[in-house]
Amino acid sequence: MFYGLKTEVVDGKVMCTCRDIPECVYDAPTVEEGEKFAAQAFPAALELFYRRKRAIIPLPSPLQEGEIPIRVPTRVQGKILLWNYMIENRYRLSDLSRLLNISATQVQRFVDLSKDGASMEAIDDALDVLGAHFTLTLQKR
């Protein structure tokens, strides 16, 4: 999963934007710094702008010419897919807590995009009790 980062020099600074996450706009001293910041900041931005509002997180669209691909870590991809499935099917975190018979704090870790608190196996188990599953694919660069 890659989000496309567009960079543009504005007033001597590099302006970074993402079509799929319009709220994610920032400037950086260089393109390289912009890429590095995007890779670190995307999970937190998705958490802030979408998850806290109980909104579906937009999945990345195909890259367009001139965009820099920013890879989303696999665990964050899993959390995004779990979150979107829950929202689309009107599940709450308390529902998942009850179905898995675990604490609300543990369930919170399954969808916290800015922390590593849940394993892929735990996220997979959560999807399983909700009636869904992952299908993994491999793509060559």
Quiz item: If contacts are Cα pairs under 8 angstrom and at least 6 residues apart, what is the relative contact order of the stretch 74-129 in percent?
Solution: 43 percent
Quiz item: Label points 7 Å out from Cα along the Cβ direction at Glu88 and Gln108: separation in nm?
Solution: 2.7 nm
Exercise. Could you tally the net charge around Arg52, taking each other residue with its Cβ under 13 Å from the Cβ of Arg52, Lys/Arg +1 and Asp/Glu -1?
Key: 0
Quiz item: Could you give the length gained on full extension between Ala39 and Thr74, defined as 0.36 nm per residue of separation minus the Cα-Cα distance, in nm?
Solution: 11.3 nm
Quiz item: Please state the relative contact order of the chain as a whole percent: Cα pairs under 8 Å, 6+ residues apart?
Solution: 22 percent
Quiz prompt | Cα centroid of the stretch 90-118 to Cα centroid of the stretch 2-26, whole Å | solution = 32 Å
Quiz item: Quick one: length gained pulling Arg52 to Met1 fully straight, 0.36 nm per residue minus the C-alpha distance?
Solution: 16.2 nm
Quiz item: Which value, in debye to the nearest 20, describes the size of the charge dipole of the chain about its Cα centre when Lys and Arg Cβ atoms bear +1, Asp and Glu Cβ atoms bear -1, and nothing else is charged?
Solution: 400 debye
Quiz item: For helix 74-88, what angle does its Cα long axis make with the longest principal axis of the chain, in degrees from 0 to 90 and rounded to 10?
Solution: 60 degrees
Exercise. Give me the angle, in degrees from 0 to 90, between the Cα long axis of helix 120-129 and the longest principal axis of the Cα atoms of the chain, rounded to the nearest 10.
Key: 50 degrees
Self-check item: Listed candidates (1) 1.05; (2) 1.22; (3) 1.14 - label of the one calculated as Cα Rg over 2.2 N^0.38 Å
Solution: (3)
Quiz item: For Glu121 and Arg98, what does the FRET efficiency come to when R0 = 30 Å and r is the distance between their Cβ atoms, rounded to the nearest 0.05?
Solution: 0.90
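All of the numbers you see were taken from the coordinates with simple rules; none came from a lab. Predicted, not measured: the structure shown is a model, and the values here were computed from it. Methodologically, a virtual Cβ is constructed for each residue, glycine included, from the backbone with ideal geometry; neighbour enumeration extends over all protein chains shown.
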